[in-house]
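The next block holds one structure in the form of structure tokens; read it before the comments.
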Amino acid sequence: MEKFGTSQSVKRTEDQRFLTGQGRYIDDAIPENALFAAFFRSPVAHAKITSVDVEAAQAADGVKLVLTFDDLLAAGIDTKLNATIVSNRDGSRATDPERHMLAKDRVRFVGEPVAVVIAETAMQAQDAVELIWMESEDLPAKLDVDAGGEPLHSDAPENRAFDWGMGDEAATEAAFQAAAHKVQLSVADNRAIITSIEPRGCQASWADGRLHFAYGGQGVWAMRGQLAQKLQLEPELIRVTTPDVGGGFGMKVMPYPEYFCVSVAAMKLQQPVHWMSDRSEAMLSDHHGRDLTSLAELAFDEDHRITAYRVHSKVNLGAYNSHFGQAIQTNLFSKVLMGAYDVQTTYLRVEGFYTNTTQVDAYRGAGRPEAIYVLERVMDRAARELGVDPWELRRKNFIRPEAFPYKTATGETYDVGDFNMVLSRAGEQVQGFADRKAIDAERGLIRGQGLCYYIESILGDPSENAKVEFCEDGTVNLCVGTQSNGQGHETAYTQFLSDQTGIPMDQINVIQGDSDQLPNGGGTGGSRSVTVQNTATLATIDVMIAAFTPYLADKMGVEEADVSFDHETFRAPGSNLTPTLTEAAEMARTDGRTDLLRHEARITLDARSFPNGAHVAEIVIDSYTGETWVDRYTVVDDFGNLINPMLAEGQVHGGVAQGIGQALSERVVYDAQGQLLTASLMDYALPHAAEIPMIKFTSAPVPSTTNPMGMKGCGEAGTVGALAAVANAVQDALWDHGVRQADMPFTPLRVWELLTHGSVAAD
């Protein structure tokens, strides 16, 4: 292999086992002699609990234990789940209602866990759950995102969770008053269910005074910290592991109630306990994504340059504050609030409200899709109302390359960028739209083109650990602090270590998801993994080379300063010894220098990097039926330097597919009583393969300056750009038919109603 920087497309090494059914997921590794857990969940959206009768369940065949809130309390654990709290605009602290691992006095959404049954078999546990009887006094369900309604929590009488703001409100208002042009648009971002291919699951066992907890998650150290805190255990008494994970999308980051309940049961019974949710259970209880509406406003001068931007968003938090939901929906939203545009006056206000639904976090992008979707929708509207070409309006307002590093109005500093170059590359690839539109029109079809220029920020923990171990069999273990959920980490990490050290890829084993292997790790989320983890690996290589150099200088009979490493072998003038790292490790093993067989480092990145790019979607609408499909999709991305372009392109394809799914078909629906009507894959419309077009991907790198490899991350970029690109394409198609407001999802019925009546019937 050539050196890093040539961006070689290496096929994923892990696919061999995944595609031949050899993956090891939670359900593939059930401990011997394990018991099985099943949860009794609230059948109503809002009610006071008057009693929970579990006697029949306790007496059922095979049942070993039934736990309710009172049982957890009696076990001496902290039953309250943590949640992130923000400050209101006036400086006061936002609400912090209690959420317990099992419902205490009230249930607040359909699917909230009330009790757990532990039995010898999964079927026995489920049968016993059917015997639990909960008596309750029904309360009105609150489903609208606004103040008022039946209070869910005593400390939020208006159901307002927070009223948060950032920016200069007065300066922004002054800019709007002085503006030559003002444009506004109300933008709805529909709720989505994170339907990972593998639902959530976990297992716990207690042996020799130590808890072993395994789950399908996105990081083990944060989970260990939560278990230690809630179970009143020292962290060193807990080992958390993660096997293969079938998709995470941010949803599997959180410490859910089931994890603690299963752990308590295992400790009480001194026997392993296993739990795996089914699909409908997951759709009811997993955190959802999106679900916000925003009023976005842009102010322009006479030359159509943006002078101010203002957004007022109302977000649905669901029944409780999630582990980090408020932070996601507020200040992470603001990191890319202004996108790629040169604007220094802005104000963002975000109001959060409680409803009788499961929790909502901004998954599938952790805040960036929401921010960019709103901005790019109102930019598209501005171009139409001002009579300006949408491509030229963006070019006119881009941050210029010479302005970097550029400090945004929200306090972020973009390190580098050449947005016009990227947009121009995209424009070169979408020529001929007018001809395609004319041909479609002759067949009764309506074609539209939508543009989105996105920017996202690499988030999450900026610190990471790595460890390299030389094994007796000649292989090398690379221990990492991140957790693959299917992105191809094993290939990317192996490729990078091989590239930097000359160790053959087939001799490297990536060890992930084990809290006993490293002192800490940041897990996976916010597109951080490859950038932060490989920076840690690079630092570990430096430690390793520094440790081997004096040892080999002695072996070579040269001065330490004369020894160099050329990414494959050690060399020194005057010596014919040219050992590779693995050969040097074997020499050290023979000499009893075991200290040279393990090397470790921890790094902290000083700043974020900002991937960006242009997405161009072309959609076609059947004017007679409203059927809408994406016909062409073009992406030009600036991800900085790439380790493996094939993996990056695959990440983009997956993200774009998610964006197309939400834009065209996905939508969470509750009825007036708070019952989830889209609780199965028969009712929740995920996109099919036939609905996803071929996606043209081009890399146009402007290397980042915030990490030594010049990388920017790519995990969520596809979704960040896809939502607005598709929505703007639909709006473009409908504009000439008099439609001025078009919101996702663009189902055939909705689009037909827009074409026929100019609006969508209430549903």
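Take segment 126-184 and flag every residue that is hydroxyl-bearing (Ser, Thr, Tyr) and out of contact with any strand residue (DSSP E or B) (no Cβ under 8 Å at 6 or more places or on another chain).
Across segment 126-184, the qualifying residue is only Ser154.
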*Answer yes or no as to whether Glu469 is open to solvent by 10 Å² or more (accessible area, probe 1.4 Å), acidic (Asp, Glu), assigned to a strand (DSSP E or B) and farther than 24 Å from Arg377 by Cα.*
yes
*Being acidic (Asp, Glu), under 22 Å from Val378 (Cβ atoms), modelled with pLDDT of 95 or more and buried (at least 18 other Cβ atoms within 10 Å of the Cβ), is that true of even one residue in segment 730-739?*
yes
*Between a first residue in segment 740-763 that is in contact (Cβ under 8 Å) with a residue 40 or more places away in the chain and under 17 Å from Val187 (Cα atoms) and a second residue that is assigned to a helix (DSSP H, G or I) and acidic (Asp, Glu), which pairs have beta carbons less than 6 Å apart while being 6 or more apart in sequence or on different chains?*
none
*asked:* I'm told Ala441 meets every condition in (1) small (Gly, Ala, Ser); (2) at pLDDT below 95; (3) open to solvent by 20 Å² or more (accessible area, probe 1.4 Å) except one. Can you identify the failing condition by its number?
replied: (2)
*asked:* Tell me yes or no: at least one residue of segment 74-82 is touching a Gly at 6+ places or on another chain (Cβ under 8 Å) and in a loop (DSSP other than H, G, I, E, B).
replied: no
_Which pairs turn up if I take residues in segment 683-706 that are without any contact (Cβ under 8 Å) to a residue 60 or more places away in the chain and more than 15 Å from Thr195 (Cβ to Cβ) and look for partners that are open to solvent by less than 60 Å² (accessible area, probe 1.4 Å) and among the hydrophobic types (A, V, I, L, M, F, W, C) with beta carbon separation below 8 Å, at least 6 apart in sequence or on another chain?_
none
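Here's the yes/no breakdown for (1) touching a Leu at 6+ places or on another chain (Cβ under 6 Å); (2) crowded, with 17+ Cβ neighbours inside 10 Å; (3) within 30 Å of Thr307 (Cα to Cα):
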{"residue": "Val107", "(1), (2), (3)": "no, yes, no"}
{"residue": "Ala119", "(1), (2), (3)": "no, yes, no"}
{"residue": "Met123", "(1), (2), (3)": "no, no, no"}
{"residue": "Val129", "(1), (2), (3)": "no, yes, no"}
{"residue": "Ile132", "(1), (2), (3)": "no, yes, no"}
{"residue": "Pro140", "(1), (2), (3)": "no, no, no"}
{"residue": "Ala156", "(1), (2), (3)": "no, yes, no"}
{"residue": "Ala180", "(1), (2), (3)": "no, no, yes"}
{"residue": "Ser186", "(1), (2), (3)": "yes, no, yes"}
*Output yes when any residue across segment 328-342 is modelled with pLDDT of 95 or more, open to solvent by less than 10 Å² (accessible area, probe 1.4 Å) and closer than 24 Å to Asn159 by Cα, and no when none is.*
no
_Counted residues, segment 598-640 - those being buried (at least 18 other Cβ atoms within 10 Å of the Cβ) and outside any strand (DSSP E or B)_ = 8
_Residues that are among the small types (Gly, Ala, Ser) and closer than 16 Å to Ala192 by Cβ, drawn from segment 248-293_ = Gly248, Gly250, Ala282, Ser285, Gly289
_I'd like to know if segment 702-719 contains one or more residues that are acidic (Asp, Glu) and not in a helix (DSSP H, G or I)._
yes
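Here is a yes/no grid of residues against (1) open to solvent by less than 20 Å² (accessible area, probe 1.4 Å); (2) in a helix (DSSP H, G or I); (3) more than 17 Å from Pro504 (Cα to Cα); (4) in contact (Cβ under 8 Å) with a residue 12 or more places away in the chain:
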| residue | (1), (2), (3), (4) |
| --- | --- |
| Phe548 | yes, yes, yes, yes |
| Asp554 | no, yes, yes, no |
| Pro573 | no, no, yes, yes |
| Leu577 | no, no, yes, yes |
| Ala585 | yes, yes, no, yes |
*Quick check, is Thr293 modelled with pLDDT under 95, touching a strand residue (DSSP E or B) at 6+ places or on another chain (Cβ under 6 Å) and among the β-branched types (Val, Ile, Thr)?*
yes
_Restricting to segment 536-546, name every residue that is open to solvent by less than 30 Å² (accessible area, probe 1.4 Å), more than 16 Å from Ala585 (Cβ to Cβ) and in contact with a helix residue (DSSP H, G or I) (Cβ under 9 Å, 6 or more places away or on another chain)._
Thr537
_Condition first: open to solvent by less than 10 Å² (accessible area, probe 1.4 Å) and either closer than 23 Å to Thr719 by Cβ or within 17 Å of the chain's Cα centre (by Cα) (or both). Now tell me which residues in segment 220-244 satisfy that._
Val220, Met223
*When you go through (1) at positive phi; (2) touching a Ser or Thr at 6+ places or on another chain (Cβ under 9 Å); (3) crowded, with 22+ Cβ neighbours inside 10 Å one by one for Arg290, which number turns out not to apply?*
(2)
*Among the residues of segment 406-415, is any surrounded by 13 or more Cβ atoms within 10 Å (Cβ to Cβ), charged (D, E, K, R) and part of a helix (DSSP H, G or I)?*
no
*Output yes when any residue across segment 105-113 is in contact with a helix residue (DSSP H, G or I) (Cβ under 7 Å, 6 or more places away or on another chain), in a loop (DSSP other than H, G, I, E, B) and within 20 Å of Ser285 (Cα to Cα), and no when none is.*
yes
*Does Tyr320 satisfy being closer than 18 Å to Ala409 by Cα, at pLDDT 90 or above, open to solvent by less than 10 Å² (accessible area, probe 1.4 Å) and of a type in the set (Ser, Thr, Tyr)?*
no
*asked:* Could you check segment 412-430 and list, in sequence order, the residues that are in contact (Cβ under 8 Å) with a residue 12 or more places away in the chain and out of contact with any strand residue (DSSP E or B) (no Cβ under 7 Å at 6 or more places or on another chain)?
replied: Glu412, Asp415, Val416, Asp418, Met421, Gly427
*Of the residues that make up segment 152-170, is at least one part of a strand (DSSP E or B), in contact with a Pro (Cβ under 9 Å, 6 or more places away or on another chain) and either under 25 Å from Leu81 (Cβ atoms) or not aromatic (Phe, Trp, Tyr) (or both)?*
yes
_What are the pairs with Cβ atoms under 8 angstrom where one residue, in segment 75-92, is free of Cβ contacts under 8 Å to residues at least 60 places away in the same chain and the other, located anywhere, is outside any strand (DSSP E or B)? Sequence gap at least six, or different chains._
Lys80/Glu98; Lys80/Arg99
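The values are calculated or read from the model by the stated rules, or taken from the named source; none is laboratory data. Because the structure is a prediction, the values reported are computed rather than measured. So basically every Cβ, Gly included, is an ideal-geometry build from the backbone, and we count neighbours across all protein chains shown. Accessible surface areas use protein heavy atoms only, side chains included; no ligands, DNA or RNA. Shrake-Rupley method; radii C 1.70, N 1.55, O 1.52, S 1.80 Å.
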